[in-house]
Amino acid sequence: MIKNGEIFSGSSDLSEKLNIGINKDKIEFIGSSIPEHKKSIDADGYIVTPGFIDLHTHSDISFLVDPEADSKLTQGVTFELVGNCGMSFCAPLNSFSKQTLSDRLSKYDKKIEINWNNFNGWLNIIDSNKPTVNIAAQLGHGVLRSYVMGMEAISATPDHIEDMKKILKDSIDQGILGFSTGLWYAPGSYSHTEEIVEITKVVAENDLLYSSHIRSESDDASGLFPAHAEAIEIGRRTGCKIQISHVKSVGPKFWGRGGELIEGMYRAREEGIDVAGDQYPYEWSSTPTSGCMFPRWSLEGGREKTLDRLKNKNLRNKIKSETVNYINRFHGSSGCVLAEFSNDKSLEGMNLSEISEKFGCSPEEAAMRLYEISEGSFVLHSMEEKDVDEIGNCDIIAVASDGNSLRNKGPLSSGKPHPRSYGTNSRFIENMVVNKKLVPLGKAINRMTSLPASRLGLKNRGELKKGYFADINIFKPEEIKENATYVNPHQYSTGMKYVLVNGQIALENGKKLPGRYGRVIRNKES
């Protein structure tokens, strides 16, 4: 029994003082009485909510490296959707994508044999490892396209599209819950809208989620507003449920225009298009070096071909001139902080201005020299607070991290990652609800629980209801604190009194208990 708590069901903005009875992994009772029970938690003075659902994560390899990855659990996240931005690193695998995954895993001090090729094999390994939280997967279009077509900047033929649709159907049979695109990243950036529409028709037929890192979030490629319009158009043509990932306005031309993005989404909903979005509540973003410093054309064919282009003086100068524009979009070189660079960890945490001084060259040249050594990642000052607040105050925007499940020790504690992996949900409660009072508590709970559950179509999670799985948080909002910073990101959030995963107490008095109770979720009922 969880007794005397102030219950926010997830579906209502209002709370009610009730008791919750749990039997095995599900909620068996909700009411004002107290049935006979074996064990109880006194939640008097605390609120009780469903576990938080993070719709946008990149934890695909986290639970291969260390199944104790608990940076999300400590902030109340009990469910993650991986495979976002077109990047389902772990499946499907051929020789090319297997090598890419091997390169990623080589950064960690752990030997992992890649002895699977599809979602079924990978998800079986995650399930057998017992993750700390529940995990569901998406197929990433970038991985799918490279699997069928390689990294060439060419249009998909009808045969290519049919091959991609077949792999998508097979992946659905193996238990994915969605399909994601990363239309900013190569090779997704080489695709036309028609290609995405045709593939997404399969997603719609199976009533799954389409989530998209859209083609542009600033003044590049198609441009921000046409990119939003493209995502909406895909929903218009397919009838699919559309999730615009990490909604944001990047760069000086778009700062202050976040509200226009929201307005466009609401107009589409009035038309009957099921579009919504998600957001991490920070002014800084993060992405790989190639994703933020290099023009799309220079990435065609993969890393080796990009390195060949950098050896050509004329092409190098052309790339450099475009890199200047990217750097300016992030509040200049001081707004570009190297987050992960396994080849020289002494550079991690330095901004591009400092690195360029160390290298004795311009910031744009420093970015190229870094990439020539190794792919890394940056944290980037790409947004402004007024846009983050306006987008974060919207009822159709779920709270989602765009981060990984990490750990403050062991192989997952390396680098200077974006603090969102440790603090997104805590920051939203602490900053948007308690301090700024921009979002009422009940609405905030909804946008971390039942809203993301409804986007995925989950039948038994995201709300506190009889018969639902007992993923539950118990806390006082005023005690929630994000402790992770850009300088020291590997710090757990505090303030969660209890977190239950599938009916088991996973965190008590803010401390993770021995045992892991997460599951791989392969259908909407499990």
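Derivation of every value follows stated rules applied to the coordinates shown; laboratory data play no part. Please read these numbers as outputs of a predicted model, since none were measured by experiment. Here Cβ is always computed from backbone atoms with ideal geometry, including for glycine, and neighbour counts include all displayed protein chains.
Can you pull out the GluC sites (Glu not before Pro) in the range 54-121 that DSSP calls coil and that have at most 13 other Cβ atoms within 10 Å? If you can, show how the numbers build up before the last one.
Details: sites: Glu68, Glu80, Glu113; in loops: Glu68, Glu113.
Here the GluC sites (Glu not before Pro) that fit, given the DSSP loop and packing criteria, are Glu113.
Once every DSSP H run of n ≥ 4 in the chain is given -39500 (n - 2.57) and the sum is divided by its residues, what mean residue ellipticity at 222 nm do you get, rounded to the nearest 500 deg cm²/dmol? Mind dumping the intermediate values first?
Values: 17 runs with 173 residues, N = 526.
One gets -9500 deg cm²/dmol as the mean residue ellipticity at 222 nm.
For the range 152-293, please report how many Lys pairs fall under 23 Å Cα to Cα, leaving out neighbours fewer than 8 apart on the same chain. Don't skip to the end; give the middle numbers.
Values: Lys165/Lys201; Lys165/Lys241; Lys166/Lys201; Lys166/Lys241; Lys169/Lys201; Lys169/Lys241; Lys201/Lys241.
Number of lysine pairs found: 7.
If you place +1 on the Cβ of every Lys and Arg, -1 on the Cβ of every Asp and Glu, and leave all else neutral, what size is the dipole of the chain about its Cα centre, to the nearest 20 Debye? Walk me through the intermediate numbers first.
Details: 64 positive and 69 negative charges, 183 e Å.
Dipole about the Cα centre, nearest 20: 880 debye.
Spelling out what I want: for every residue of the range 33-45, take phi, set θ = phi - 60°, compute 6.51 cos²θ - 1.76 cosθ + 1.60 (Karplus), and round to whole Hz; glycine and proline get x.
7, 10, x, 4, 8, 9, 8, 9, 10, 8, 9, 4, x
Using alpha-carbon pairs under 8 Å, 6+ residues apart, how would you state the relative contact order of the range 287-381 in percent? Intermediate values should be presented prior to the final figure.
Details: 120 pairs, mean separation 33.4, N = 95.
With pairs under 8 Å counted, the relative contact order is 35 percent.
For the range 140-212, just say rounded, prolate or oblate: build the C-alpha gyration tensor, square-root its eigenvalues into a ≥ b ≥ c, call rounded for a/c under 1.5, and beyond that prolate if a/b exceeds b/c, oblate if not. Present the calculation step by step, with values, prior to reporting the outcome.
Details: a/c = 1.68, a/b = 1.48, b/c = 1.13.
Prolate is the answer for the range 140-212, as a/c is 1.5 or above and a/b outweighs b/c.
So what J values fall out for the range 330-340 if you push phi through Karplus, 6.51 cos²θ - 1.76 cosθ + 1.60 with θ = phi - 60°, rounded to Hz, Gly and Pro as x?
Working through the residues one at a time gives 10, 6, x, 5, 6, x, 10, 10, 6, 8, 9 Hz.
Of the options Met151, Thr238, Gln504, report the single residue whose Cα projects farthest towards the positive end of the charge dipole of the chain (beta-carbon charges: Lys, Arg +1; Asp, Glu -1).
Final value for the positive-end residue is Gln504.
Find how many whole Å separate the alpha carbon centroid of the range 446-468 from the alpha carbon centroid of the range 148-226.
Using only Cα atoms, the two centres lie 27 Å from each other.
Skipping prolines and chain starts, which residues have an amide H placed within reach, meaning under 5 Å, of the one on Ser59, given they are 5 or more residues away or on another chain?
Gly83, Ser405
Of the trypsin sites (Lys or Arg not before Pro) in the range 392-422, which ones lie in a loop per DSSP and count no more than 10 other C-beta atoms within 10 Å? Kindly include the intermediate steps, with their values, before the conclusion.
Values: sites: Arg407, Lys409, Arg420; in loops: Arg407, Lys409.
Loop-located and lightly packed - Lys409.
Shape of the range 93-152 from its Cα gyration tensor (a ≥ b ≥ c, root eigenvalues): rounded if a/c is under 1.5, otherwise prolate when a/b > b/c, or oblate?
Working: a/c = 2.13, a/b = 1.38, b/c = 1.54.
Verdict is oblate for the range 93-152.
For the range 287-381, what is the charge dipole size about the Cα centre, in debye to the nearest 20, if Lys and Arg each add +1 at the Cβ and Asp and Glu each add -1 at the Cβ? Intermediate results must be reported in sequence, preceding the final value.
Working: 13 positive and 13 negative charges, 78 e Å.
Computed charge dipole of the range 287-381: roughly 380 debye.
Please enumerate, by chain and number, the aspartates and glutamates with C-alpha under 19 Å from the C-alpha of Lys345, excluding those fewer than 8 residues away in the same chain.
Those aspartates and glutamates meeting the cut-off are Asp103, Asp109, Glu354, Glu357, Glu372, Glu375.
For the range 485-526, rounded, prolate or oblate, judged on the Cα gyration tensor with a ≥ b ≥ c (square roots of eigenvalues), a/c < 1.5 rounded, else prolate if a/b > b/c? Numbers along the way, then the final one.
Working: a/c = 2.82, a/b = 1.59, b/c = 1.77.
Since a/c reaches 1.5 but b/c is at least a/b, the shape of the range 485-526 is classed as oblate.
Pairwise over distinct Cα atoms, reciprocal of the mean inverse distance: report the Kirkwood radius of the chain in Å, one decimal place.
Hydrodynamic radius (Kirkwood, Cα pairs) of the chain is 23.2 Å.
Rounded to the nearest 20 debye, what is the charge dipole size of the range 130-265 about its Cα centre when +1 sits on each Lys and Arg Cβ and -1 on each Asp and Glu Cβ? Working shown, then result.
Numbers: 13 positive and 18 negative charges, 82 e Å.
Computed about the Cα centre, the dipole is about 400 debye.
Using the charge dipole of the chain (Lys, Arg: +1 at Cβ; Asp, Glu: -1 at Cβ; taken about the Cα centre), state which of Ile319, Pro452, Ile273 has its Cα farthest towards the positive end.
Pro452
So which lysines pass the test for Lys320, namely a Cα distance under 19 Å, with those fewer than 8 places away in the same chain ruled out?
Lys305, Lys311, Lys358
Treating each Cα of the range 287-381 as an identical point scatterer and ignoring solvent, apply the Debye formula and state log10 I(q)/I(0) at q = 0.17 Å⁻¹.
-0.65
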